[in-house]
2 protein chains.
Amino acid sequence: MKVIDNKESLQKWRASSADEVGFVPTMGNLHRGHLSLVERSMSDNDTTVVSIFINPTQFGPGEDYGSYPRTLERDLQILDELAANFKDKHLVVFAPRTNEEIYENDFQTKVVVNSHLTKILCAKTRPSHFEGVTTVVSLLFNLVSPKRAYFGKKDYQQLKTIERMVSDLELPIEIVGMEIIREEDGLALSSRNQYLSEGQRAQALELRNTLVELKRNYSSDFDFESFKFRYCGQPGWEYLEIYSASELLPVTASDSKIVALGALKVGKTRLIDNIEI
Amino acid sequence: MKVIDNKESLQKWRASSADEVGFVPTMGNLHRGHLSLVERSMSDNDTTVVSIFINPTQFGPGEDYGSYPRTLERDLQILDELAANFKDKHLVVFAPRTNEEIYENDFQTKVVVNSHLTKILCAKTRPSHFEGVTTVVSLLFNLVSPKRAYFGKKDYQQLKTIERMVSDLELPIEIVGMEIIREEDGLALSSRNQYLSEGQRAQALELRNTLVELKRNYSSDFDFESFKFRYCGQPGWEYLEIYSASELLPVTASDSKIVALGALKVGKTRLIDNIEI
């Protein structure tokens, strides 16, 4: 495993590597969700790049940028162990040592998906989140020049937004969306789960359980509003919505796949999850 | 010379070509200014791609999108003749046959340089012009995957905006800015010059002459405001400004190179020009 902490070295390494590259962008604090992406990328590609960068521009004022868990040493150890299972494959970790490695002095450019995709759901409380994501992902794509990039479906709206950006701008990159990895009781893995106290950890299950209940009850004449009224009465629910799975548009009779998405605040911790129906 | 009129064929051709590519994006109606870019690209690179696409998103309401000169057949003939002078070099023309080749149904993404660069000068009367340019240029860069791209200095603000986008987003492309090509009397070549009547053609020289006069008068204690008062009294002047040549920032004592930029409306025709000092 090779660790690179600055942009110039990454560019130099990339220019000298003819391999097709798989890419897993992360904010570190790796859990089994991230590792499933890395494993898949290492299966698919000769070389995999994992980036570890807590991107300040996708956090809003008052969000947890400052307290987001920073566990680089542990992350590197986990990745090194994982890489040992893939003989003849290469793993490169790009962990910029400062924010200025990514955003040079006086950075001025934004890549924005300017549609419902970045106005609904999480965007209602995190209005500039997605442009922070699409901008940094664009920049990382240009640095890493991957053939394939891997994203988890837990951040479903993020996945759809990135797919749209890649398709609109004709980036020659295949976006692979990977299934959500969960705890045994169903809670979706998230770096933010560790913010939860024991009591909150139990409350957090309401998010997953409600989505499962929604799927169980879903039918062509499903009364979504009364379902929400029944299940999302407690404070903490930020949203529960259903949309077409392909484009996150309002559900119509012709949609074969839909997705239900929820966001629940437990204490100060905001959790998201979704289920495909 | 190879002519390609759709995105899929371009992508297929590009994937099969290992050459380093030079790229000249144009809106067609080629004049000697464009041809100087193509010639330079053909000297620098084994393969050159010229795109001919009148990009609707960089025109504002009430601008000349509808009447912009469309002369594809003549453009192809000129390029074919030029290419004949470069033995062992390849020229590919990408002329999308419809706007939908570029902007598929429901296009939602924007690449924006969000700074003074897209708020001063031309942006004051053309507020969404530069995001139209940066978005289409990003998309074309991704399709063509050039090593170098060539832009004329007549559109100086555009050149600086694209340089900034490329640098911020770490696009692995060298941007080459080429000198303005002029008529014998000094008028900068532009596809829009042909809108001018004979009388207007004479009036249009005021733009170039004023910039030359400004350069001649320029000194460390130059009184720019009184210069403007003296020279830009006539109606039609949209702006005359001086900025640092590198970043289009307000001139300071430490700037070694500055640029004066002007926009003059003659009848309905809006002309721009600039001069490095």
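Would you pick out the residues in segment A:197-222 that are modelled with pLDDT of 95 or more and of a type in the set (Asp, Glu)?
A:Glu198, A:Glu206, A:Glu213
Any residue at all in segment A:43-53 that is surrounded by fewer than 20 Cβ atoms within 10 Å (Cβ to Cβ), touching a Gly at 6+ places or on another chain (Cβ under 6 Å) and outside any loop (DSSP other than H, G, I, E, B)?
Looking through segment A:43-53, at least one residue is surrounded by fewer than 20 Cβ atoms within 10 Å (Cβ to Cβ), touching a Gly at 6+ places or on another chain (Cβ under 6 Å) and outside any loop (DSSP other than H, G, I, E, B).
Are any residues in segment B:238-266 buried (at least 17 other Cβ atoms within 10 Å of the Cβ) and out of contact with any strand residue (DSSP E or B) (no Cβ under 9 Å at 6 or more places or on another chain), and if so, which ones?
Within segment B:238-266, B:Val266 is the sole residue that qualifies.
Could you count how many residues in segment A:78-97 are of a type outside the set (A, V, I, L, M), closer than 15 Å to A:Val3 by Cβ and assigned to a loop (DSSP other than H, G, I, E, B)?
So the count comes out to 2.
Is it fair to say A:Ala149 is in the same structural domain as A:Gln58 (by TED's automatic domain parsing) and within 29 Å of B:Leu143 (Cα to Cα)?
Yes: the conditions hold for A:Ala149.
Failed condition for B:Ser67, given (1) within 14 Å of chain A (Cβ to nearest Cβ); (2) surrounded by fewer than 20 Cβ atoms within 10 Å (Cβ to Cβ), with all others met?
Among (1) within 14 Å of chain A (Cβ to nearest Cβ); (2) surrounded by fewer than 20 Cβ atoms within 10 Å (Cβ to Cβ), the lone unmet condition for B:Ser67 is (1).
Out of (1) among the aliphatic types (A, V, I, L, M); (2) touching a strand residue (DSSP E or B) at 6+ places or on another chain (Cβ under 8 Å); (3) under 24 Å from A:Leu76 (Cβ atoms); (4) within 12 Å of another protein chain (Cβ to nearest Cβ), what's the single condition that is false for A:Ile102?
(2)
Suppose we filter segment A:182-209 for residues that are of a type in the set (D, E, K, R) and in a helix (DSSP H, G or I); how many remain?
Counting residues in segment A:182-209 that are of a type in the set (D, E, K, R) and in a helix (DSSP H, G or I) gives 5.
Residues of segment B:75-110 being under 20 Å from the mean Cα position of the chain (by Cα) and among the charged types (D, E, K, R), which ones?
Within segment B:75-110, B:Asp75, B:Lys110 meet the criteria.
Can you run down the residue pairs with Cβ atoms below 8 Å, 6 or more apart or on separate chains, where the first is in segment A:206-234 and farther than 21 Å from A:Asn193 by Cβ and assigned by TED's automatic domain parsing to the domain that holds A:Ala263 and the partner is of a type in the set (D, E, K, R) and part of a helix (DSSP H, G or I)?
Between residues of segment A:206-234 that are farther than 21 Å from A:Asn193 by Cβ and assigned by TED's automatic domain parsing to the domain that holds A:Ala263 and residues that are of a type in the set (D, E, K, R) and part of a helix (DSSP H, G or I), the close pairs are A:Tyr231/A:Glu213.
Please state which of the following conditions A:Gln158 fails to meet, knowing it meets all the rest: (1) within 11 Å of another protein chain (Cβ to nearest Cβ); (2) buried (at least 19 other Cβ atoms within 10 Å of the Cβ).
A:Gln158 satisfies all of (1) within 11 Å of another protein chain (Cβ to nearest Cβ); (2) buried (at least 19 other Cβ atoms within 10 Å of the Cβ) except (1).
Filter segment B:87-130 for residues that are closer than 24 Å to A:Glu247 by Cβ and acidic (Asp, Glu); which is surrounded by the fewest Cβ atoms within 10 Å (Cβ to Cβ)?
B:Asp106
Looking at segment A:214-247, which of its residues are among the small types (Gly, Ala, Ser) and part of a loop (DSSP other than H, G, I, E, B)?
Correct list: A:Ser219, A:Ser220, A:Gly233, A:Gly236, A:Ala245, A:Ser246.
Which ones in segment B:40-97 are over 24 Å from B:Ala18 (Cα atoms), of a type in the set (A, V, I, L, M) and in contact (Cβ under 8 Å) with a residue 60 or more places away in the chain?
B:Leu76
When you go through (1) outside the structural domain of A:Pro25 (by TED's automatic domain parsing); (2) closer than 30 Å to B:Ser145 by Cβ one by one for A:Leu264, which number turns out not to apply?
In the conditions (1) outside the structural domain of A:Pro25 (by TED's automatic domain parsing); (2) closer than 30 Å to B:Ser145 by Cβ, A:Leu264 misses (2) alone.
Taking segment A:17-42 as the search range and keeping residues that are at pLDDT below 95 and not charged (D, E, K, R), which one is surrounded by the most Cβ atoms within 10 Å (Cβ to Cβ)?
A:Ser17
List the residue pairs whose Cβ atoms are under 6 Å apart, where the first residue sits in segment B:151-179 and is touching a residue at least 40 places away in the same chain (Cβ under 8 Å), the second is in a loop (DSSP other than H, G, I, E, B) and hydrophobic (A, V, I, L, M, F, W, C), and the two are 6 or more positions apart or on different chains.
Matching pairs, first to second residue: B:Lys153/B:Ile180; B:Lys154/B:Ile180; B:Lys160/B:Leu248; B:Asp168/A:Phe107.
Here is a yes/no grid of residues against (1) under 22 Å from A:Cys122 (Cα atoms); (2) touching a helix residue (DSSP H, G or I) at 6+ places or on another chain (Cβ under 9 Å); (3) not in a loop (DSSP other than H, G, I, E, B):
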| residue | (1), (2), (3) |
| --- | --- |
| A:Phe151 | yes, yes, yes |
| A:Ile180 | yes, yes, no |
| A:Leu211 | yes, no, yes |
| A:Leu249 | yes, yes, no |
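Any residue at all in segment A:110-124 that's within 12 Å of A:Asn55 (Cα to Cα), touching a strand residue (DSSP E or B) at 6+ places or on another chain (Cβ under 9 Å) and more than 9 Å from chain B (Cβ to nearest Cβ)?
Within segment A:110-124 (the criterion being within 12 Å of A:Asn55 (Cα to Cα), touching a strand residue (DSSP E or B) at 6+ places or on another chain (Cβ under 9 Å) and more than 9 Å from chain B (Cβ to nearest Cβ)), the answer is no, since none of the residues qualifies.
Which members of segment A:125-155 meet the condition of being among the basic types (Lys, Arg) and within 14 Å of chain B (Cβ to nearest Cβ)?
The one that is among the basic types (Lys, Arg) and within 14 Å of chain B (Cβ to nearest Cβ): A:Lys147.
The values are calculated or read from the model by the stated rules, or taken from the named source; none is laboratory data. Keep in mind that what you see is a predicted model, and the values were worked out from it rather than measured. Cβ atoms come from the backbone with ideal geometry, glycine included; neighbour counts cover every protein chain shown.
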